[in-house]
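Working notes, beginning with the structure itself.
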Amino acid sequence: MPRAPAARWASLALIAAAAMIGRWLVRETHTPARGSAASPTGETVPRAPAISIHPSRGHARRWLILAGITVTVAALAGAAWYRSNDERINREAALATGGDARRAIPIMLANGCAGCHTISGAPGAEGLVGPSLDGKLATRSYIGGSLPNSTANLVRWLRFSRDVNPHTAMPSTLISEQDARDVAAYLYALH
């Protein structure tokens with residue numbers, strides 16, 4: 001989810017760099033001012049600028065253009081890969097949890113999760129009380145320090161954390177099971 005926009009910006013930056021290289025290689029030059037062309041009516045007409053390739057850069061021009069095109073294509077392919085990879089991860093998380101990650105951020109913000117946790121993609125979610133939920137939740141062994149990491153346990157923890165561990169600082173949110181599944185899908189999709 002969070003990587004696709006960054007990949008798009010990287011692609012745009014590489015395209016801009018290729019354009020700058022092209023401009024450096026092919027530059028606009030003006031003819032010297034010593035002579036202006038005269039028209040048949042006798043009026044003086046300034047000469048038009050000419051496009052020229054810097055003589056010392058002629059041979060390198062082809063290789064730099066080829067390199068610029070290669071880098072641009074690679075950046076666009078990388079952006080497409082990130083986008084398709086994010087979509088695959090979101091589908092897998094939705095299948096595993098039965099939730100929809102797109103509905104999770106409003107649920108988390110409405111229930112105060114942002115006050116205690118750092119959560120990627122959630123505005124203002126920079127809390128330091130609970131553990132960071134910035135990704136890799138799917139690779140953790142335990143949830144809440146005692147529950148084996150599974151979808152059912154994460155949903156249970158999100159809804160009734162004080163029933164699972166009466167000494168935890170996390171409050172029982174008592175959100176609906178579907179809301180908990182949506183949040184679980186979002187948290188498992190972060191990477």
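Bear in mind these aren't lab numbers, they're just calculated from the coordinates by the rules spelled out. Not measured: the values here are computed from a predicted model. Backbone-built Cβ (ideal geometry, glycine too); neighbour counts: all protein chains shown.
Projected over all directions and averaged, the alpha-carbon convex hull of the range 101-189 occupies 4.9 nm². Site pair Lys136 and Trp63 shows an inter-label distance of 4.1 nm when each label is modelled 7 Å from Cα along Cα→Cβ. Extension gain for the segment Asn149 to Leu174, taken as residue separation times 0.36 nm less the Cα-Cα distance, is 7.0 nm to one decimal. In the neighborhood of Ser176, defined by Cβ-to-Cβ distances under 10 Å, what is the net charge if each Lys or Arg adds +1 and each Asp or Glu adds -1? Result for the local shell: -1. Entry note, the range 101-189: relative contact order of 31 percent, from Cα contacts under 8 Å with a spacing of 6+ residues.
Gly98 sits among other residues whose Cβ lies under 15 Å from its own Cβ, and their net charge, with Lys and Arg +1 and Asp and Glu -1, is +1.
Based on other C-beta atoms within 10 Å, arrange Tyr188, Tyr142 from fewest to most.
Details: Tyr188 23, Tyr142 10.
Lowest count first: Tyr142, Tyr188.
The residue among Met108, Pro171, Trp157 whose Cα reaches farthest toward the positive pole of the charge dipole of the range 101-189, with charges on the beta-carbon of Lys, Arg, Asp and Glu, is Trp157.
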